[in-house]
Amino acid sequence: MMGWRMGYLAYDESNSDLAESLLKVQDTIPICPTQISQHMALGALREGVPWIDERVASLEANRRRALGALRPLGEGSVTRSDGAIYLWAKLPDGMDDAEVVETLVKEHKVCIIPGSSCGSPGFVRVAFANLTEEACEEACGRLERGLKQILQDAGN
């Protein structure tokens, strides 16, 4: 349910310390989810664990594809995370992340997010959720080819 801004929380009421802390932040969970998000959440809950397991498996496959697409940036350039639906990758020193993204969009027809728009210049953010495995495969192929070309043109 990435991006749908919908969530819920269940906890053991016997933990009074947790309950008190949760009250401080509870308004970020139930306030103003859109109707479509509410319907999507209900559908996911009705489908249950098998549906969730399928989604998680698809996410993991897409994550592997995205990691592969970022290989041209070199070992250690990708910030690993087991819970996020995107990857952060460091560009070689001196590369302008906004220019890299613009080139990828215009010349390779793939869109990622420049790190500077998220307060991290010199990085890019690559999302891999909400894509079919086929669409992710195509996008990651374009991304990898684009990065190779950009690095080659820059002499890296």
Q. Roughly how many debye, to the nearest 20, is the charge dipole of the range 65-148 about its Cα centre, given +1 on each Lys and Arg Cβ, -1 on each Asp and Glu Cβ, and no other charges?
A. 60
Q) Probe 1.4 Å, all protein chains in place: accessible area of CYS140 in Å², nearest 10? A) 10
Q. By a straight-distance test (C-alpha under 20 Å), which aspartates and glutamates pair with LYS109 as possible cross-link partners, with residues fewer than eight away in the same chain excluded?
A. ASP96, ASP97, GLU99, GLU133, GLU134, GLU137, GLU138, GLU144, ASP153
Q) With each pseudo-label sitting 7 Å past Cα toward Cβ, what's the VAL25-ALA84 distance in nm, one decimal? A) 1.7
**Q.** Dipole of the chain, positive end: most advanced residue of VAL56, LEU70, LEU87 [Cβ charges, Cα centre]
**A.** LEU70
(Q) Classify the range 97-136 from the C-alpha gyration tensor, please: rounded if a/c falls under 1.5, else prolate or oblate depending on whether a/b exceeds b/c. (A) oblate
Q) Rounded to the nearest 0.05, what FRET efficiency do THR103 and MET40 have when you use their Cβ-Cβ distance and R0 = 41 Å? A) 0.75
Q. About the Cα centre of the chain, what is the dipole size in debye to 20, counting +1 per Lys and Arg Cβ and -1 per Asp and Glu Cβ, all else neutral?
A. 360
Q | the range 120-138-the range 49-113 distance, computed between alpha-carbon centres (Å) | A | 5
Q.
If I stretch the segment between GLU13 and ASP53 completely, what's the gain in nm (0.36 nm per residue apart, minus their alpha carbon distance), one decimal?
A. 11.6 nm
Q: Heavy atoms only, probe 1.4 angstrom, no DNA, RNA or ligands counted: give me ILE85, ILE112 ranked by accessible area, highest first.
A: ILE85, ILE112
Q: List the relative contact order of the range 43-119 as a percent without decimals, with contacts defined as Cα pairs under 8 Å and 6+ residues apart.
A: 17
Q) With labels modelled as points extended 7 Å from the Cα through the Cβ direction, what inter-label distance (nm, one decimal) is found for ASP93 paired with ASN156? A) 1.2
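The values are calculated or read from the model by the stated rules, or taken from the named source; none is laboratory data. Since the model is a prediction, treat every value here as computed from it, not as a measurement. Ideal geometry is used to build each Cβ from the backbone, glycine not excepted, and the neighbour counts take in all protein chains shown. Remember, those area values only see protein heavy atoms, side chains included, never the ligands or the DNA or RNA. Shrake-Rupley method; radii C 1.70, N 1.55, O 1.52, S 1.80 Å.
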